[in-house]
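Asks: Sharing a structure, written as structure tokens. Questions coming.
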Amino acid sequence: MRADDSDILVALYRSAQDSPAWTGFLRALAARTGATVAHLVAQREGELPQAFGQGALPLTGDALARMRYLRPYSGDDMAAAQPFRALRVRAEGGGDAWVIVVRQGDDFASSTSAVLSGLAPHIALAAAQFWRQERALAGQSAAQNMADRLGISWVLLGGNGAAILTSDTVPLGLLIGDKLRLAQTAQRQLTQQISSYAQGQNTKPMAMIIGSRQALLVPFSAHGAVAILYLLHAKPAPDQAWPILADIFALTPNEARFAAELAGGKTIAQAGAALGFTVETARHYSKQLYAKLGAAGQVEVVRRIENSVYRLL
């Protein structure tokens, strides 16, 4: 590669941040080679290939699989209808990547194959970087989805108590700019605790009440943060919960509806009244729940429910 090809390498290593991925690199590569369009195909072992670039690929999946590593291919090699150059690379840590440039009219210059060959080790690294970022993003998405289902939001706090990063589910009005909107006593308590974390004097989590929500402040030294504040939101509504409870504990629909009302904080009488049951019927269903859940009483029934995947609704 030429010394002035640094713009292609910069675009290549930034590809994981592009949206769609590889856009900047493919644009730079097409300009460098005189291609009408450039493509990149990435395939991790055991997964389907991902194709990037505009338009249809000039090669089928079978043709890509037959290509040898690091050998530049041309349209003449595969009797293609239009000029192209293609190269297959073994990615760092496993998986394959193919880079393909296509043009209309005259064939590519002979130097095009050399350009692709020069890019090969960089593509091997960039593909591995791209997959690592994909996995990290997938992990973050799964973790956020779990937090959402558990009814938890969070705020990363710096040493001055300012918010560095928040989840999308932080309640409206909790933050004014990057400052938490707290009652004076809670603010003083929070400031003292964060200071003790920052100075290494304390590693104990602290429970708080913020508005109507329970919260937990925990030491957290990452992304420039000193602490992370978790806020617990409302439990799922009984009409959302009962079908899951029926599946988990093999309950009838009425038993599951009754269990969901108990899990929502109602007494046996209140749960029965919410469902239109008589007091005798409510007591009957409570005994059925005790037997099916192996519980000695209402408190244990609720605890069994709270410790089940019901909380993931």
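Asks: Hey, among the residues in the range 25-48 that are in contact (Cβ under 8 Å) with a residue 60 or more places away in the chain and not hydrophobic (A, V, I, L, M, F, W, C), which one's surrounded by the fewest Cβ atoms within 10 Å (Cβ to Cβ)?
Replies: Top of the filtered list is Gly34.
Asks: Something else: Please work out if Asn160 is outside any strand (DSSP E or B), touching a helix residue (DSSP H, G or I) at 6+ places or on another chain (Cβ under 7 Å) and without any contact (Cβ under 8 Å) to a residue 40 or more places away in the chain. Reasoning before the result, please.
Replies: Values: outside any strand (DSSP E or B): yes; touching a helix residue (DSSP H, G or I) at 6+ places or on another chain (Cβ under 7 Å): no; without any contact (Cβ under 8 Å) to a residue 40 or more places away in the chain: yes.
No: the conditions fail for Asn160.
Asks: For the range 241-259, which positions are in contact (Cβ under 8 Å) with a residue 24 or more places away in the chain and surrounded by 14 or more Cβ atoms within 10 Å (Cβ to Cβ)?
Replies: Answer for the range 241-259, where residues must be in contact (Cβ under 8 Å) with a residue 24 or more places away in the chain and surrounded by 14 or more Cβ atoms within 10 Å (Cβ to Cβ): Ala241, Ile244, Leu245, Ile248, Phe249, Leu251, Asn254, Glu255, Phe258, Ala259.
Asks: Now, a different point. Quick one: in the range 74-88, which of the residues that are of a type in the set (A, V, I, L, M, F, W, C) and outside any loop (DSSP other than H, G, I, E, B) is surrounded by the fewest Cβ atoms within 10 Å (Cβ to Cβ)? Let's see the steps before the verdict.
Replies: From the range 74-88, those of a type in the set (A, V, I, L, M, F, W, C) are 78-81, 84, 86-87; that's our starting set.
With outside any loop (DSSP other than H, G, I, E, B) added as a condition, the list becomes 78, 84, 86-87.
Details: Met78: 15, Phe84: 27, Ala86: 27, Leu87: 23.
My answer is Met78.
Asks: Evaluate the following for Gln140: is it out of contact with any strand residue (DSSP E or B) (no Cβ under 6 Å at 6 or more places or on another chain), in a helix (DSSP H, G or I) and free of Cβ contacts under 8 Å to residues at least 40 places away in the same chain?
Replies: yes
Asks: Also, quick follow-up: List pairs: first in the range 271-297 and assigned by TED's automatic domain parsing to the domain that holds Asn254 and in contact (Cβ under 8 Å) with a residue 12 or more places away in the chain, second surrounded by 15 or more Cβ atoms within 10 Å (Cβ to Cβ) and among the β-branched types (Val, Ile, Thr), Cβ under 9 Å, 6+ apart or cross-chain?
Replies: So the pair list comes out as Ala282/Ile268; Arg283/Ile268; Tyr285/Ile268; Ser286/Ile268; Ser286/Val301; Leu289/Val301; Leu293/Val301; Leu293/Ile305.
Asks: Please determine, by comparing only the residues of the range 167-224 that are under 24 Å from Leu150 (Cα atoms) and among the basic types (Lys, Arg), which one is surrounded by the fewest Cβ atoms within 10 Å (Cβ to Cβ).
Replies: Filtering the range 167-224 for residues that are under 24 Å from Leu150 (Cα atoms) and among the basic types (Lys, Arg), the one surrounded by the fewest Cβ atoms within 10 Å (Cβ to Cβ) comes out as Lys204.
Asks: Within the range 89-118, count every residue that is closer than 14 Å to Ala42 by Cβ, surrounded by 15 or more Cβ atoms within 10 Å (Cβ to Cβ) and touching a residue at least 40 places away in the same chain (Cβ under 8 Å).
Replies: 7
Asks: Taking Ala271 as the residue in question, decide whether it is more than 30 Å from Pro205 (Cβ to Cβ), among the aliphatic types (A, V, I, L, M) and surrounded by 22 or more Cβ atoms within 10 Å (Cβ to Cβ).
Replies: Numbers: more than 30 Å from Pro205 (Cβ to Cβ): yes; among the aliphatic types (A, V, I, L, M): yes; surrounded by 22 or more Cβ atoms within 10 Å (Cβ to Cβ): yes.
Taking the combined requirement at face value, the residue satisfies it.
Asks: Of these, Arg27, Arg71, which one is assigned to a helix (DSSP H, G or I), among the basic types (Lys, Arg) and closer than 20 Å to Ala126 by Cα?
Replies: Working: Arg71 fails: assigned to a helix (DSSP H, G or I).
Every option except Arg27 fails the conditions.
The values are calculated or read from the model by the stated rules, or taken from the named source; none is laboratory data. Note that this is a predicted model, so its numbers are computed, not measured. No Cβ is skipped: glycine too gets one built from the backbone with ideal geometry, and neighbour counts run over all protein chains shown.
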